[in-house]
Amino acid sequence: MTIAEQTDERAGRTGEGASLAELDRLSIEARRLILQSIHTAGAGHVGGPLSCADLLVNLYFDRLRVDPANPGWPERDRCILSKGHSSIALYAVLALRGFLPVAELATFDAADSRLQGHPDMTALPGLDMSTGSLGQGLSPGVGMALGARLRGLPFRTWVIVGDGEIQEGQIWEAAFTAARLGLDTLCAIVDYNRLPQFGWPDPGGFTRTEPVDDPTGKFRAFGWHAVECDGHDHAAIRAAFDAAEAHPGQPTCIVAHTVKGKGISFAEGDYLWHAKVPTASDLELAGTELDARLAGIGGEAGVGQGEDA
Ligand SMILES: Cc1ncc(C[n+]2csc(CCOP(=O)(O)OP(=O)(O)O)c2C)c(N)n1
Ligand SMILES: [Mg+2]
C-alpha cells in the first residue's frame with residue numbers, strides 16, 4: 001500500500017480530540033507528504049513547513065471545530081497560516097483531515113492546481129485566508145474575531161505567524177487593535193524557530209541577523225496574554241491551546257519554540273533548507289528517519305489508532 005493510499009484511507013476519520021499517539025503518527029505522515037510533494041513539484045519550502053507541521057496537526061486533529069464535508073460552515077473555527085510560504089504543510093494536514101484527496105498533493109505548485117505555492121482561498125475550500133505576503137495574516141484574524149463577536153457566532157480564530165514575519169509593522173498594528181478590543185477568541189501562534197530566510201554561521205546556529213528577541217515580552221507589552229510551549233510536543237501544544245481558550249479578556253499569543261526543518265536531520269536548523277528541493281536520495285534518507293521515528297512510537301505507517309499518553 002502506498003503512503004497516499006494509507007493516508008486516504010485514514011482521511012477524515014480522526015477529528016477533534018485525537019490521542020497524543022495518533023497526533024505523533026500524523027505528524028510523521030505529514031512530514032513525509034510535505035517532502036514528497038516538494039520533490040514532485042520541484043519547488044517549495046522545506047524548513048518553514050516542517051517547523052509548523054506539529055502545530056497544524058494539533059490544530060486540525062485536536063482543536064479546530066471544522067467539517068471537511070462543509071468547509072464553509074459559518075460557525076467553523078478559523079485558521080490562518082500567515083506565513084503562507086509554508087502552504088504545503090497546511091495542504092498536507094488538510095489532506096490528512098479529509099478536505100482534499102491526498103493524491104492531489106502531487107499537483108502542488110502547478111499552474112492550474114488548487115494547491116498554489118502560497119494559499120489561495122479562492123481556489124481551495126477550507127482555506128480561510130490567502131497569504132504569502134508576510135505580515136498580513138494577523139489583521140484578517142482580528143477582523144474575523146471581531147466579526148464573531150458582532151454576529152454572536154461561537155467560533156475561535158487561530159493565526160500562525162513566523163518569527164521573521166513579525167518584524168513586519170502590520171503585525172503590530174493588528175496586535176495593538178486586538179488587545180484594545182479585548183479579542184479573547186483570537187490566538188496568534190509564533191513559530192519561533194529563530195531563523196528567517198537567510199543565514200550565516202554563528203556560534204548559536206545559522207542566522208543572518210539576530211533572531212527576533214523575546215516575542216513573548218513584546219506581545220505582553222502590546223496587552224496580550226502570552227504563553228510559551230515546545231512547538232513539537234503535542235502534549236505541550238495542547239496545554240498551550242487550552243491556556244489560550246481559558247483566558248478571558250485578552251487575545252493570547254503562544255510562542256512555540258520550534259526548529260526550522262524539524263524532523264529531518266540534514267534540514268534541521270540550516271537556513272539553506274528554507275527553500276530547497278529534496279533529491280531522490282534526500283527523500284530516501286528522510287524516509288528512513290521517519291520510519292525509525294514511527295517504529296520508535298510503536299507505529300506502522302498509516303495503521304491503527306493509538307493510546308493516549
Ligand atoms: C512581505 C514579504 N517579504 C519577503 C518575503 C519573502 N520571504 C518568504 S519566507 C521569508 C522568511 C520568513 O521567515 P519566518 O517568518 O521566520 O518563517 P519560517 O522561518 O517559518 O520559514 C521571506 C523573507 C515575503 N514572502 N513577503
Ligand atoms: Mg523563522
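How many nm separate the modelled label positions at Leu150 and Gln197, each set 7 Å beyond the Cα in the direction of the Cβ? Those two pseudo-labels are separated by 3.4 nm. Modelled label positions at Leu285 and Thr122, each set 7 Å beyond Cα in the direction of Cβ, lie 4.2 nm from each other.
So if each residue of separation counts as 0.36 nm, and I subtract the Cα-Cα distance between Ala43 and Ala106, what length gain in nm does that give?
On the way: separation 63, 0.36 × 63 = 22.68 nm, distance 1.18 nm.
Taking 0.36 nm per residue and subtracting the Cα distance, the gain is 21.5 nm.
Close amide H partners of Lys260, meaning residues 5 or more places away or on another chain with modelled amide H under 5 Å apart, are Gly269.
With contacts defined as alpha carbon pairs under 8 Å and 6 or more residues apart, what's the relative contact order of the stretch 3-296 in percent? Could the numbers behind the result be given before it?
Details: 609 pairs, mean separation 63.2, N = 294.
So the answer I get is 21 percent.
Cross-link reach is defined here as a Cα-Cα straight distance under 28 Å, omitting same-chain residues fewer than 8 places apart; for Lys218 the lysines meeting it are Lys83, Lys260, Lys262. Simple point charges give the picture: +1 on the Cβ of Lys and Arg, -1 on the Cβ of Asp and Glu, and for the chain a dipole about the Cα centre of about 780 debye.
Note on the stretch 229-269 and the stretch 41-74: Cα centroid distance 14 Å, given to the nearest whole angstrom.
Here, the stretch 73-192 yields an orientationally averaged convex hull projection of 7.5 nm² when only Cα atoms define the hull. In summary, no helical segment of the chain meets the span-like criteria, namely a full DSSP H run, a Cα extent along the axis of 20 angstrom or more and a mean Kyte-Doolittle hydropathy of at least 1.6. GNM on the chain, alpha-carbon springs under 10 angstrom: the most fluctuating residue among Tyr91, Tyr192, Tyr271 is Tyr271. A crude spin-label estimate for the pair Asp230 and Ala243, with each label 7 Å from Cα along the Cβ direction, gives 1.4 nm.
Going by neighbour counts of Cβ atoms within 10 Å, the residues Val161, Val66 line up, fewest first, as Val66, Val161. Per residue, the convex hull around the alpha carbon atoms of the stretch 3-296 comes to 118 Å³.
Only the coordinates and a few stated rules stand behind these numbers; no lab work does. What you see is a predicted model, and the numbers here were worked out from it, not measured in a lab. Methodologically, a virtual Cβ is constructed for each residue, glycine included, from the backbone with ideal geometry; neighbour enumeration extends over all protein chains shown.
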